[in-house]
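The values are calculated or read from the model by the stated rules, or taken from the named source; none is laboratory data. Predicted, not measured: the structure shown is a model, and the values here were computed from it. A quick note on method: Cβ atoms are made from the backbone with ideal geometry, for glycine too, and the neighbour counts reach across all protein chains shown. Just so you know, the surface numbers come from the protein's heavy atoms only, side chains and all, with ligands and any DNA or RNA stripped out. Shrake-Rupley method; radii C 1.70, N 1.55, O 1.52, S 1.80 Å.
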Amino acid sequence: MKLVFATNNINKLKELQQLLGEKVELLSLKDINCNDEIPEDYETLEENATQKAEYIYKKYNVNCFADDTGLEIKSLNNEPGVYSARYAGVDKDAKANMKKVLTKLDGIEDRSARFRTVISLFLNDKEYQFEGIVDGYILESERGKDGFGYDPIFEPKGYNVSFAEMEMSEKNKISHRGLAVQKLVQFLLDYKN
Ligand code: ITT
């Protein structure tokens, strides 16, 4: 089965390639010659995931999925949430985004947070959604060099390392996107046309 992953984030594409087995041939936006800046302007992860997947499904007439992910920090009323990519004002400036989080949490005791991913799949004219959540804590400072986004300041619950200190395969087993993708994969394995 061919499926387009509607993302412009190369790190997410790499993670997904590792996560999806042989049942799915993953295509990128490049593979379908799409250079569009896909709109993503709703206020919930669910609506944004739908918007991204639906855009590609309708324009290119291909089965596809998109994810939207947010870091939800309890003491900050679940910020940055849907604004995770551009929290500090500049889109995908990970350093600035992390700095803003650390500054806002300065002196705050409860550092619990979670990553939440929603995947929207458009398959043969129907939409399906899958959610994945990983609970954890925001560290006092950055740790580790791997991963992307907020990985250096996020420590998953039950671990003594940040996401950026984990191998990608290790992160994928327990991460928000990993869990949502496991649900997606199970759905695709069970799917009958
Ligand atoms: P697309 O919309 O093109 O898919 P994006 O970078 O905007 O890519 P998301 O909306 O899903 O991706 O995620 C928003 C931001 O949340 C992202 O830019 C990162 O800063 C952060 N993020 C998402 N997944 C993450 C992960 O696994 N680890 C750390 N940060 C992550």
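Yes or no, residue by residue, for (1) out of contact with any Pro (no Cβ under 9 Å at 6 or more places or on another chain); (2) open to solvent by less than 70 Å² (accessible area, probe 1.4 Å):
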{"site": "Asp68", "(1), (2)": "yes, yes"}
{"site": "Leu76", "(1), (2)": "yes, yes"}
{"site": "Arg86", "(1), (2)": "no, no"}
{"site": "Asn97", "(1), (2)": "no, yes"}
{"site": "Val101", "(1), (2)": "no, yes"}
{"site": "Gly107", "(1), (2)": "yes, no"}
{"site": "Arg111", "(1), (2)": "yes, yes"}
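For segment 71-87, name all the residues that are β-branched (Val, Ile, Thr) and under 12 Å from the mean Cα position of the chain (by Cα).
Correct list: Val82 only.
With the checklist (1) modelled with pLDDT under 95; (2) within 13 Å of the ligand (Cβ to nearest atom); (3) farther than 15 Å from Ser84 by Cβ in hand, flag the one item Arg177 doesn't pass.
So Arg177 meets the others, but not (3).
Mind checking which pairs have a first residue in segment 8-26 that is more than 17 Å from Phe163 (Cα to Cα) and a second that is at pLDDT below 80, Cβ under 6 Å, 6 or more apart or different chains?
From segment 8-26, the pairs are Leu26/Leu20.
Identify, by number, the condition in (1) at pLDDT 95 or above; (2) open to solvent by 50 Å² or more (accessible area, probe 1.4 Å); (3) within 14 Å of the ligand (Cβ to nearest atom) that Val90 doesn't meet.
(1)
Tell me whether segment 34-43 contains one or more residues that are of a type in the set (Asp, Glu) and under 18 Å from Val181 (Cβ atoms).
For segment 34-43, residues of a type in the set (Asp, Glu) and under 18 Å from Val181 (Cβ atoms): absent.
Give me the pairs, please: first residue somewhere in segment 84-99 and on the phi > 0 side of the Ramachandran plot, second residue anywhere and among the basic types (Lys, Arg) and part of a helix (DSSP H, G or I), beta-carbon distance under 8 Å, and either six or more positions apart or on two chains.
These pairs meet every condition: Lys92/Arg86.
Can you tell me which residue within segment 148-193, out of those that are under 16 Å from the mean Cα position of the chain (by Cα) and of a type in the set (S, T, N, Q), is surrounded by the fewest Cβ atoms within 10 Å (Cβ to Cβ)?
Step by step, filter segment 148-193, then rank; the result is Ser169.
With the checklist (1) within 14 Å of the ligand (Cβ to nearest atom); (2) charged (D, E, K, R); (3) assigned to a helix (DSSP H, G or I); (4) out of contact with any Ser or Thr (no Cβ under 6 Å at 6 or more places or on another chain) in hand, flag the one item Lys145 doesn't pass.
(3)
Is there a residue being under 20 Å from Ile153 (Cβ atoms) and either touching a residue at least 60 places away in the same chain (Cβ under 8 Å) or over 18 Å from the mean Cα position of the chain (by Cα) (or both) anywhere in segment 57-70?
Yes, because at least one residue in segment 57-70 is under 20 Å from Ile153 (Cβ atoms) and either touching a residue at least 60 places away in the same chain (Cβ under 8 Å) or over 18 Å from the mean Cα position of the chain (by Cα) (or both).
Across segment 19-57, what is the total count of residues that are part of a helix (DSSP H, G or I) and in contact with a helix residue (DSSP H, G or I) (Cβ under 6 Å, 6 or more places away or on another chain)?
1
Do we find that Asp110 is in a loop (DSSP other than H, G, I, E, B), free of Cβ contacts under 8 Å to residues at least 40 places away in the same chain and within 13 Å of the ligand (Cβ to nearest atom) in this structure?
For Asp110, the condition - in a loop (DSSP other than H, G, I, E, B), free of Cβ contacts under 8 Å to residues at least 40 places away in the same chain and within 13 Å of the ligand (Cβ to nearest atom) - is not met.
Does Asn35 meet the test of being within 18 Å of Phe115 (Cβ to Cβ) and either modelled with pLDDT of 95 or more or open to solvent by 30 Å² or more (accessible area, probe 1.4 Å) (or both)?
Judged against the criteria, Asn35 is not a match.
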